[in-house]
Protein chains: 2
Amino acid sequence: MGKEKNMNHNYYMKIALEEAKKAYKEREVPIGCVLVIDNKIVAKAHNMKEVTGQAIYHAEVLAIKKACEKIGIWRLEGSYLYTTVEPCVMCSGAIIHSRVENVIYGTCDSKNGCHKSKIDLLTSNLFNHKVNVISGIMKEECEKILKDFFKEIREEKRKK
Amino acid sequence: MGKEKNMNHNYYMKIALEEAKKAYKEREVPIGCVLVIDNKIVAKAHNMKEVTGQAIYHAEVLAIKKACEKIGIWRLEGSYLYTTVEPCVMCSGAIIHSRVENVIYGTCDSKNGCHKSKIDLLTSNLFNHKVNVISGIMKEECEKILKDFFKEIREEKRKK
């Protein structure tokens, strides 16, 4: 992967991080996502689980939902999904079913991650679609926003 | 499990099968789902992937989405999810994230199933929620509708 490609990854991950910041402001676990096809942003989304009361409204699922809506078909061929955090089991499933070709994520999720952490669903031979995965893009920033969020939550609980 | 409980399972699975029949009529892979809390049906849904162009609109995801909408929170405590077919990776993830307590399914899915077939995600120790699973309820009926559907599709393709 050349320098130019890396710069692209950082460019889109920064936008995913902006989405994560929106989640932070809404008191949601700050995870953001951008879906790109042909170098164009097709969908942006952030975690909206608490605010909507919807178990399925993780950033990645919402981005895939929006992208399918926009394109009109469930096959997101040639797509790049940028997410600040390693996808969970549900989001990995949504990625597989929508045939997302490339997943680029920032930091790992030791409790729920389904690439490196808990299990590998994205690049395994289990299902009929395998994803190209790049991890660690803007890792520090993607990790910091999560740490800051959980620190703030803990401090608020202590004050109560 | 007593006889009475078994009869309940059959009662709700029949309704899930009615949902699967709706999918069949819409030329969707015929899978249906019913979500029950306190012996009341909270949501019914069938696979709508092709008709909506939505990769995520499997029967189980739609039932969970509707149930969360109705109840107003993402925790479906004490819930029973009846589905005609063994849940896939995405639906298993949605089941785990919404804390569905019990999954009752009809027939296995050798290509995508995430309980007995490809991998066990529902009752494993991988994540922070484990599901009670009962399989094989009205197995023959749940399998037959799928076989009929795929046979019809194959025959149509042959005629072309």
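No lab work stands behind these numbers, since they all come straight from the coordinates. Not measured: the values here are computed from a predicted model. For neighbour counting, all protein chains shown are included, and Cβ atoms are generated from backbone atoms with ideal geometry for every residue, glycine included.
General remarks:
- Helix B:3-25 axis, angle to chain B major axis (alpha carbon atoms, nearest 10°): 40 degrees
- B:Ser79, A:Ser117 arranged by Cβ crowding within 10 Å, fewest neighbours leading: A:Ser117, B:Ser79
- With the Kirkwood sum run over all distinct C-alpha pairs, chain A has a hydrodynamic radius of 15.6 Å.
- Taking the inverse of the mean reciprocal distance over all distinct Cα pairs, the Kirkwood hydrodynamic radius of the stretch B:86-154 comes to 12.6 Å.
- Normalised by the number of residues in the stretch B:104-160, the average gap of Cα pairs under 8 Å and 6 or more apart makes the relative contact order 35 percent.
- Modelled FRET efficiency - R0 22 Å, A:Glu69 with A:Ile15, Cβ distances, 0.05 increments: 0.70
- Two-site FRET efficiency, A:Glu50 against B:Lys151, from Cβ-Cβ distance with R₀ of 45 Å, rounded to 0.05: 0.50
- Each part reduced to its alpha carbon centroid, the stretch B:94-120 and the stretch B:66-92 end up 11 Å apart.
- Only Lys, Arg (+1) and Asp, Glu (-1) charged, at Cβ; the stretch B:28-125 dipole about Cα centre in debye: 120 debye
- Here the residues A:Asp109, A:Asp38, ranked from fewest to most Cβ neighbours within 10 Å of their Cβ, fall in the order A:Asp38, A:Asp109.
- Counting neighbouring beta carbons within 10 Å and listing from fewest to most, the residues A:Lys65, B:Lys40, B:Lys160 come out as B:Lys160, B:Lys40, A:Lys65.
- Residue (of A:Val131, A:Ile96, A:Val29) at the positive-pole extreme of the stretch A:11-160, dipole from beta-carbon charges: A:Val29
- Chain B: antiparallel DSSP beta bridges as a percent of all, rounded to 5: 55 percent
- Rounded, prolate or oblate (a/c below 1.5 giving rounded, otherwise prolate when a/b exceeds b/c) for the stretch B:1-96 by Cα gyration tensor: oblate
- Cross-link table A:Lys147/B:Lys65; A:Lys147/B:Lys130; B:Lys65/B:Lys151; B:Lys66/B:Lys118; A:Lys21/A:Lys151; B:Lys111/B:Lys144, entries beyond 20 Å C-alpha to C-alpha: A:Lys147/B:Lys65; A:Lys147/B:Lys130; B:Lys65/B:Lys151; B:Lys66/B:Lys118
- Förster radius 45 Å - calculated FRET efficiency between A:Ile134 and B:Arg27, Cβ distance, rounded to 0.05: 0.75
- Calculated SAXS-style log₁₀ I(q)/I(0) at q = 0.08 Å⁻¹ - the protein assembly as shown, Debye, Cα scatterers: -0.37
- Residue-averaged 222 nm ellipticity for chain A, from DSSP H runs of 4+ at -39500 (n - 2.57), nearest 500: -14000 deg cm²/dmol
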